[in-house]
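Beneath this line is the structure, given in structure tokens, with notes to follow.
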Amino acid sequence: MLRLASHCRRFVTIRNPVNRCTCQQQRRFAQLSDVFPKSHPTFSLSSKDVSILSQPSEFYKTLIDMIKRAKRRIFISSLYIGTEEIELIETLHRALSTNPQLRLSLLLDLRRCTRPGPSTAHLLLPLLRAFPKRAEVRLFKSPKLAGVMERLVPRRFDEGWGTWHAKVYGVDEEVMFSGANLNTSYFTDRQDRYLHFANQPQLAEYCLSFLRLFSGYSFRLLPTSASPSTSYSPEEYKLEWTAPCTFRSITAVAEQDILALQSSSSPEQPPPQAEGHDTLLRPIIQAGVFNIREEERVLPAFIKAIAAQGGTLDLTSGYFALHEPYQRALIEARLPTRILAAGPKANGFYGSRGLSGRIPEAYTLYERRFWEKVRAAGLAGDADGRDGVVRLEEWEREGWTYHAKGMWAWPSRASQPLDDPPAPGPSATLFGSTNLNSRSASLDTELSFLLSTSSEGLRGKMAQEVGRLWERGRRVDEREWGRGERKVRLGTRALLGVMGSML
């Protein structure tokens, strides 16, 4: 039992859920030796237990199947659940009904889940009424927006001050990670990434401890005695703060608790390694509102390590506005890099009304500004992109939007060009919830992972994942952004100047 923040009197159980690599594995993954501190949590596992999914429909089917076979626990973290996801809620209900030993824990974002009208909160009330002792819903509210400002900011814009953004989909001893939320578009026509890990009791326990910790700093959703109605009244539920410390005082307390979680998850005496373990997995917590900045420490070092070994990088984000320290590290290292961003029509805000409709235009401006730095550093190549060190592409697919994010590190390509990657594939990948931008670094609470492997089979699967994403990419540069439909209006520039860090 690990005591966290004694003055807040909360307890989180950590069962030393970590294996660390053997000496042989440490040599094999030497490129990461300087990226993480020795005390950082590290999971050793077999690549045979890792599956990489490719389609939104696969993500949904896998999630439903996981819930159906759950025996002890279901733990889910996401930004929100769409108000029309009746099948998902019914599947959870049936699982709890047929198995009296099963428990359900949900951690979602408060502001996103309590919007006026039909909301995630209303959707979940029947579950809470039916299983009051075995179903728990916690709603996290970023402390960045509080007090008078919280009352002044319209509900439509309050998520701009930060959200709960971590995505974890787990049952028993298996976990699936993605950047996808639980909404119809993410199950049908919104492209993301999805990695499933089977037979991982220690990883599952770590994720559960992570969620328990933040649940302690979240409001509990409870139904009231008010009769259910079709008016979606907020009187049908209440939000209960259960932590002894006040909401306004959680920032410093949470920082210490997160640090304690990470340090306690790395025992001084690592347990013996099982045979066949060829893959390492390291969690990365980024919670700028609590001064936890693991991602900002790790990624620049990761970029430099790849460059030092003569490797190359693939990077993607559905909201490409690369955080300034990552831009600087990439350009200073002169690291050969392919970048895949969402084209304007593949941006989730394309066609939105009001200020939201300008967001795709704002990301065009972000791309242009980044490319100007690449060009100034001499990394863009000639007018046709030949001999370029950095390449920028935009993802497009008719009727689809793009939400994938992450990195893939390839070993040395020798004289091979960027579009001719070496076999068998990347040796490492970053995946999870981060969009790699300043918002992810400073406002949202993120959980990501860095996976490294010596398995040729898993490296081949990662290469296939990269190929599927980049096959819909189209190279862009100054000529693209000079076209009439890509020009950025003055009002959008002004909006970006005021709210840029919130995108």
* What single numbered condition from (1) under 24 Å from Phe157 (Cβ atoms); (2) assigned to a helix (DSSP H, G or I) fails to hold for Trp371? -> (1)
* Single residue of segment 178-203 satisfying the filter (among the aliphatic types (A, V, I, L, M) and more than 17 Å from Asp109 (Cβ to Cβ)) that is nearest to the chain's Cα centre (by Cα) -> Leu195
* Structure fact -> Those residues of segment 123-161 that are assigned to a loop (DSSP other than H, G, I, E, B) and touching a residue at least 60 places away in the same chain (Cβ under 8 Å) come to a total of 5
* Structure fact -> Per the filter on segment 75-89, residues over 19 Å from the mean Cα position of the chain (by Cα) and closer than 20 Å to Met176 by Cβ are Glu85, Glu87, Leu88, Ile89
* Among the numbered conditions (1) of a type in the set (Phe, Trp, Tyr); (2) at pLDDT 95 or above; (3) in a helix (DSSP H, G or I), tell me where Tyr169 comes up short. => (3)
* Structure fact -> Pairing a residue in segment 399-414 that is in a strand (DSSP E or B) with any residue that is at pLDDT 95 or above and basic (Lys, Arg), where Cβ atoms lie under 7 Å and the two sit 6 or more apart in sequence or on different chains, gives Thr401/Arg190; Gly406/Arg193
* Structure fact -> Turns out the strands (runs of 3 or more DSSP E) fully within segment 244-348 with at least 2 residues that are outside the structural domain of Val476 (by TED's automatic domain parsing) and under 22 Å from Lys144 (Cβ atoms) are 279-287
* Structure fact -> In the set Ser452, Ser440, the lone residue that is touching a strand residue (DSSP E or B) at 6+ places or on another chain (Cβ under 6 Å), assigned to a helix (DSSP H, G or I) and polar (S, T, N, Q) is Ser440
* In this structure, does Ala380 turn out to be more than 22 Å from the chain's Cα centre (by Cα) and buried (at least 19 other Cβ atoms within 10 Å of the Cβ)? -> yes
* Looking at Ser57, Ser51, which one is surrounded by fewer than 18 Cβ atoms within 10 Å (Cβ to Cβ), modelled with pLDDT of 95 or more and not in a helix (DSSP H, G or I)? -> Ser51
* Asked: Got at least one residue in segment 215-223 being of a type outside the set (Ser, Thr, Tyr), part of a helix (DSSP H, G or I) and either outside the structural domain of Leu63 (by TED's automatic domain parsing) or surrounded by fewer than 21 Cβ atoms within 10 Å (Cβ to Cβ) (or both)?
  -> no
* To do: Could you tell me which residue of segment 453-482 is nearest to Phe214 (Cα to Cα), considering only residues that are in contact with a helix residue (DSSP H, G or I) (Cβ under 6 Å, 6 or more places away or on another chain) and buried (at least 21 other Cβ atoms within 10 Å of the Cβ)?
  => Thr453
* Asked: Can you tell me which of Arg138, Arg72, Arg94 is modelled with pLDDT of 95 or more, surrounded by 13 or more Cβ atoms within 10 Å (Cβ to Cβ) and farther than 30 Å from Arg459 by Cβ?
  -> Arg138
* **Out of Ser227, Ser185, Ser209, sole residue that is part of a loop (DSSP other than H, G, I, E, B) and surrounded by fewer than 23 Cβ atoms within 10 Å (Cβ to Cβ)** => Ser227
* In segment 230-260, which residue that is within 21 Å of Thr114 (Cα to Cα) and in contact with a Lys or Arg (Cβ under 6 Å, 6 or more places away or on another chain) is surrounded by the fewest Cβ atoms within 10 Å (Cβ to Cβ)? -> Glu240
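The values are calculated or read from the model by the stated rules, or taken from the named source; none is laboratory data. Just so we're clear, the structure is a prediction, and the values are computed from it rather than from any experiment. Glycine gets a Cβ as well: all are built from the backbone with ideal geometry, and neighbour counts include every protein chain shown.
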